[in-house]
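Submitted below is the structure of interest, expressed as structure tokens.
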Amino acid sequence: MKVLDLNRDGGIGANCLSLEIGPFHIVVDAGLHPKKAGHEAMPDFSKIDGKAIDFFILTHCHLDHLGALPVILREHPESPVLMSIPSTTLAPRMLHNSCNVMKRQGKEQDIAEYPLFTHGEIDFLQAQFKGMPYGHTQHFTKGDEEILITFYSAGHVVGAGAVLLEYKHRKIFLTGDVLFHRQRILNAADFPEDRFDTVILETTRGETPGDPNLTREGEVKRLLETVNHTLIHGGSVLIPVFALGRMQEVLTLIRDAQVSGDLIKSPVFCSGLGMDLANYFDAIHRKTGLVDFQRKVLKDLNLRPLPRKLKPGQNPGESGVYVVSSGMLVENTPSYTVASCVLGNSHNTICYVGYCDPDTPGGKMLAQDSHSDFIFETLDLVVPMKARIERFELSGHADREEIFDFTLKAQPRAVVLTHGDPAARDWFANAFREARPELKVFDPTPGQIYTV
Ligand SMILES: [Zn+2]
Ligand SMILES: [Zn+2]
């Protein structure tokens, strides 16, 4: 197999991997870098210019995996895009939203190439989508050659898939983004117990040791107690979340806690895309049962859009819970604005429930001392950090030890590291070398071809 990482500068950004297996040329994911703009945010597609791609694989619908797909599909209007059944519903919705965001950014920040694709193109490319039910092997042929492809549920987010590729008795397993624990609305990953020749794995949490004393249930309990405590004392709570998956998860946890009496009733606010995606989750629940989320949650919570009178830097007039995107407080998103409102008041709390890149405002806030001044650059505001800042271990990514153990059990001859910062990849590389010195570990430099 030949492996070529098209993600320009490694790390977690514009995820995109080219795989050549026998006569088959496959591209896995085509993401957009969340912190970059314009062409720089895309994978380096020039490396596969003019090459025929037999099919694309989309592991899931977060934009760091999906966001540049319409651009590369322009060159490959005949190639099928394999994805889980829920992803066939979610991908167009995520892309339409991304198109709207790019249109706005294009004007505001004067980025000539934005939007990178149009709404019309998104409607058109859906004809290439091929839904793959989890656990069902499909055969693909080219001349006399055959490759078998099976998707497995990967937890992480609705529709996330790991992929098994089988070619001439060689088995290649790709974890994609994976979570081995059950979430409130989503089952844990369901991977096959088998031997694989190669495992291509995500390394997101390689820098963070898993804490055996922390349980998901315990962290959920602590989150709800923190929210309750803040509300009882008249404060407001901001929970920054990804609109896809984490928002619906947190809303359901709040609804459950209100019903059981663990949380006092208060207004709950939410931003647009997450509310809209809730309707899609409801449809996926009814059609496939692959997510435990129903629209009724929004009604039970009497969920409201963000109040119009919310002014940056001014404490919200009415105490409540704000479950808004983005999860990392990226500039010019609802969570960024709400943070500027709640941060300056000691009655309020900001609850981080997911990964924050250290370069994002969320990551910077977590690293900063309390009572120092926090700068909201694009709002031109300086706010003293008086609110309580809490972090909860509710990541959508598996602990590094779990991924490591899964990989060793599969007894591969080679592993390929993806989707992680350099230090995170280093931990995996060293751990594998120590445990299995004969195992070949590939940490691909972007743009270089490796024979695995
Ligand atoms: Zn993801
Ligand atoms: Zn990802």
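The values are calculated or read from the model by the stated rules, or taken from the named source; none is laboratory data. Quantities reported herein were computed from a predicted structural model and do not represent experimental measurements. Glycine also receives a Cβ, built like all others from the backbone with ideal geometry; neighbour counts cover every protein chain displayed. In case anyone asks, the SASA skips ligands and DNA or RNA and just uses the protein heavy atoms, side chains included. Shrake-Rupley method; radii C 1.70, N 1.55, O 1.52, S 1.80 Å.
Is there a residue in segment 114-129 that is within 18 Å of V158 (Cβ to Cβ), open to solvent by less than 20 Å² (accessible area, probe 1.4 Å), under 23 Å from the mean Cα position of the chain (by Cα) and not assigned by TED's automatic domain parsing to the domain that holds D276?
no
May I ask you to list pairs of residues, at least six apart or on different chains, whose Cβ atoms are under 6 Å apart, with the first in segment 323-341 being within 21 Å of L251 (Cα to Cα) and the second being aromatic (F, W, Y) and open to solvent by less than 20 Å² (accessible area, probe 1.4 Å)?
Sorted first by the residue in segment 323-341, then by its partner, the pairs are L329/Y336; V338/Y322.
Looking at segment 177-200, I want the residues that are more than 16 Å from ligand 2 (Cβ to nearest atom) and have a partner that is open to solvent by 60 Å² or more (accessible area, probe 1.4 Å) with Cβ atoms under 6 Å, at least 6 apart or on another chain. Which pairs are those?
Partner pairs satisfying both residue conditions: I185/D292; A188/H181; A188/R182; R195/Q411; D197/R170; D197/R413.
State yes or no: is L439 at pLDDT 95 or above and within 26 Å of A154 (Cβ to Cβ)?
Working: at pLDDT 95 or above: yes; within 26 Å of A154 (Cβ to Cβ): yes.
The answer is yes for L439.
Need pairs with beta-carbon distance below 9 Å; first residue among the β-branched types (V, I, T) and within segment 33-60, second away from ligand 1 (no atom under 16 Å from the Cβ) and not in a strand (DSSP E or B); sequence gap 6+ or separate chains.
I48/L6; I48/I72; I48/E75; I53/I72; I53/E75; I53/H76; I53/S79
Looking at P115, P133, P209, which is the one that is touching a Cys at 6+ places or on another chain (Cβ under 6 Å) and not small (G, A, S)? Break it down stepwise before answering.
Values: P133 fails: touching a Cys at 6+ places or on another chain (Cβ under 6 Å); P209 fails: touching a Cys at 6+ places or on another chain (Cβ under 6 Å).
It is P115.
Right, something else. Give segment 229-245 a look and list any residue that's open to solvent by 30 Å² or more (accessible area, probe 1.4 Å) and modelled with pLDDT of 95 or more, or say none.
So the first thing to find is which residues in segment 229-245 are open to solvent by 30 Å² or more (accessible area, probe 1.4 Å), and the list is 229, 232-234, 242.
Hits for segment 229-245 are H229, I232, H233, G234.
Find the residue count for segment 192-206, including only residues that are crowded, with 16+ Cβ neighbours inside 10 Å and not hydrophobic (A, V, I, L, M, F, W, C).
Our first condition is that a residue be crowded, with 16+ Cβ neighbours inside 10 Å; within segment 192-206, this holds for 196-206.
Going one step further and asking which of them are not hydrophobic (A, V, I, L, M, F, W, C), we end up with 197-198, 202-206.
Adding up the residues that qualify gives 7.
Report the residue count in segment 154-170 for those that are open to solvent by 10 Å² or more (accessible area, probe 1.4 Å) and within 16 Å of ligand 2 (Cβ to nearest atom).
1
Give segment 52-65 a look and list any residue that's under 16 Å from L174 (Cβ atoms) and either within 16 Å of ligand 2 (Cβ to nearest atom) or not assigned by TED's automatic domain parsing to the domain that holds A127 (or both), or say none.
Of everything in segment 52-65, those that are under 16 Å from L174 (Cβ atoms) and either within 16 Å of ligand 2 (Cβ to nearest atom) or not assigned by TED's automatic domain parsing to the domain that holds A127 (or both) turn out to be I57, L58, T59, H60, H62, D64, H65.
Give me the pairs: first residue in segment 396-414 and farther than 22 Å from H62 by Cβ, second residue β-branched (V, I, T) and open to solvent by 10 Å² or more (accessible area, probe 1.4 Å), beta-carbon distance under 7 Å, and six or more apart or on different chains, which are they?
A414/V452
Please work out which one of (1) open to solvent by less than 30 Å² (accessible area, probe 1.4 Å); (2) over 20 Å from the mean Cα position of the chain (by Cα); (3) within 30 Å of E193 (Cα to Cα) is the condition R413 fails and give its number.
(1)
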